[in-house]
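The values are calculated or read from the model by the stated rules, or taken from the named source; none is laboratory data. Just so you know, these numbers come straight off a predicted model, no measurement behind them. FYI the Cβ positions are ideal-geometry reconstructions off the backbone, even for glycines, and counts take in every protein chain you see. Surface accessibility is based on the protein's heavy atoms, side chains included, excluding ligands, DNA and RNA. Shrake-Rupley method; radii C 1.70, N 1.55, O 1.52, S 1.80 Å.
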Amino acid sequence: MTGSTAGAPTRAPASPDGDAPTRDRVARTILENGPSTAADLAGRLDLTPAAVRRHLEHLLAEGIVESREQKVYGTRGRGRPARVFALTEAGRDSFDQQYDDLAVQAMRFLAETQGEDAVVEFARRRVAFVERDYAVVTAADPDLTPAEALARVFTQNGYAASVRDLPVVGEQLCQQHCPVSHVAHEFPQLCEAETEAIASVLGTHVQRLATIAHGDGVCTTCIPQTLKTDPQTDPKKEQS
């Protein structure tokens, strides 16, 4: 049996070109749902675990995804943490981020010619959609929780957002895709403005726990327990 050459690049096993659409589905579901285990992906895509692992091997070899230990919140059980698969920067580049270089250059020019205050003002104007659309979404569907309404707002504006329950604490707004993550890596004012906008519409402090711009697989914001609907649209108040 011939040994492999030391230092040789890792190669994924050959697969028919017909597998490409399924690999794209695997990558997109990671984009939309954040770092995922092979079992999670198999369940979402109705594929066998073996098929998912085969596609993940190719995506790993191509540098589209990376494998890491799953973060465990709270008490960790016995055994090793599960492995999750997250998109790399190259993987994110394949979705909707072709103009990052131009955007970074424009932001640098703004900072150099107009100063820090201009960058902050631009960042705040960019997320004006949060307040505008949050009012529309909550008026149309007052049964949504604040986090659910925000997830809908962000998803409508190019983010892939979802909500997770946090026992006792409240809810977690998860943004699995950020259209400005590469720019925000150099200009964190964009992330800070998003957090300010969320806090403003909710009228309470919120805590940003992680960001894609800083290398996390997903942007997460803790939304504390608040009123389910705005008092102006509370059905009980309208009936009184």
Interchain or long-range residues, amide H under 5 Å from T88's placed H: V65, E66
Virtual spin-label span in nm between T48 and A199, 7 Å along Cα→Cβ: 5.2 nm
Computed E for E89/R132 - FRET, C-beta separation, R0 45 angstrom, nearest 0.05: 0.90
In Å², nearest 10: area of R126 left accessible to a 1.4 Å probe: 60 Å²
Local electrostatic count at A184 - Lys and Arg +1, Asp and Glu -1, tallied over other residues with Cβ under 13 Å: -3
List L102, L202, ordered by accessible area with a 1.4 Å probe, largest first: L102, L202
Placed amide H near A160: partners under 5 Å, 5+ positions off or other chain: Q176, H177
Net lengthening on full extension, T155/D19 (0.36 nm per residue, minus Cα-Cα): 46.1 nm
